[in-house]
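Structure, as structure tokens:
The values are calculated or read from the model by the stated rules, or taken from the named source; none is laboratory data. It should be emphasised that the depicted structure is a prediction, and the values quoted were computed from it without experimental measurement. Quick reminder, even Gly has a Cβ in these numbers, built from the backbone with ideal geometry, and neighbours come from all protein chains shown. With ligands, DNA and RNA removed, areas are computed over all heavy atoms of the protein, side chains included. Shrake-Rupley method; radii C 1.70, N 1.55, O 1.52, S 1.80 Å.
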Amino acid sequence: DILIQVGASGYETYEERITLDENIIRDITLIALPVEQGAVSLTVVDSETKAKIAAYVYDKDTGGILGQATKDTPLQLTGDVNTSRILRFVSSGYIEVEQLITYAIPTAEVTVEMDKVPVQSGTIYATAVNTGSTALDGVTFEYKLSTESSWKPLGNDESTTGKSEAVTAPVGTSIDFRASKTGYITNTGTGVITNSESSVTIVLEEVPPEPTT
């Protein structure tokens with residue numbers, strides 16, 4: 001009589017006691033041990049403010065969506081304990097992030113930081129001319145965002161007559177300009193920030209002379 005034992009990592013050990021004969025053949029099927037399930041809890045935050053944000057989570061290898069972490073609720077995923085996978089995090093207005101996570105017992109708490117997509121900026125300035133398209137000196141410039149109600153002072157570009165300093169703002173921002181000069185009627189103009197420097201021309205008309213009696 002002999003005892004046969006066959007084992008492998010992750011499988012139940014097979015045991016059998018047999019009596020030797022001239023020919024003995026065994027086809028042994030090993031049964032896999034049940035794998036413990038681990039978990040990971042995913043929270044996504046703004047890298048600058050650390051405020052929680054919502055993000056969709058994908059499996060990088062398969063491309064399949066696994067769920068969404070919200071501002072209020074982390075996303076919890078389960079898998080074989082101590083196994084790892086690469087996840088992809090997608091949120092509107094943020095740069096995509098890839099991160100390796102590992103399932104654990106107790107649940108692994110993972111915080112993923114995402115950077116905002118850089119906002120493109122541009123510049124815009126105003127020029128003041130008379131009705132003959134000649135640049136005017138001594139002009140007082142003001143500006144404001146088109147969504148604002150209060151005007152703010154804007155300096156003059158010392159290198160060019162009748163030109164204001166440039167205003168810098170995100171691309172797509174609408175800027176209002178106001179130009180005034182003694183002896184001329186105050187006027188306004190509006191322009192939109194683009195990828196390149198842009199300008200707004202404001203035509204100032206002379207104040208008409210007082211009628212004589």
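Within region 71-101, being open to solvent by 70 Å² or more (accessible area, probe 1.4 Å) and either polar (S, T, N, Q) or not in a loop (DSSP other than H, G, I, E, B) (or both) holds for Thr73, Gln76, Thr78, Asn82, Ser92, Glu98, Leu100.
Scanning region 48-70 for residues that are among the hydrophobic types (A, V, I, L, M, F, W, C) and surrounded by fewer than 13 Cβ atoms within 10 Å (Cβ to Cβ) returns Ala51, Ile65.
Being of a type in the set (D, E, K, R) and either at pLDDT below 95 or closer than 18 Å to Gly132 by Cβ (or both) is a description that applies to Glu197. Just one residue in the set Val45, Val129, Val139 is among the aliphatic types (A, V, I, L, M), within 30 Å of Arg178 (Cα to Cα), touching a Lys or Arg at 6+ places or on another chain (Cβ under 7 Å) and open to solvent by less than 80 Å² (accessible area, probe 1.4 Å); that residue is Val139. Considering the conditions (1) open to solvent by 50 Å² or more (accessible area, probe 1.4 Å); (2) among the hydroxyl-bearing types (Ser, Thr, Tyr); (3) touching an Asp or Glu at 6+ places or on another chain (Cβ under 8 Å), Ser9 is excluded by exactly one of them, (3).
Would you check if Ser199 is open to solvent by less than 50 Å² (accessible area, probe 1.4 Å) and of a type in the set (Ser, Thr, Tyr)? It is false that Ser199 is open to solvent by less than 50 Å² (accessible area, probe 1.4 Å) and of a type in the set (Ser, Thr, Tyr).
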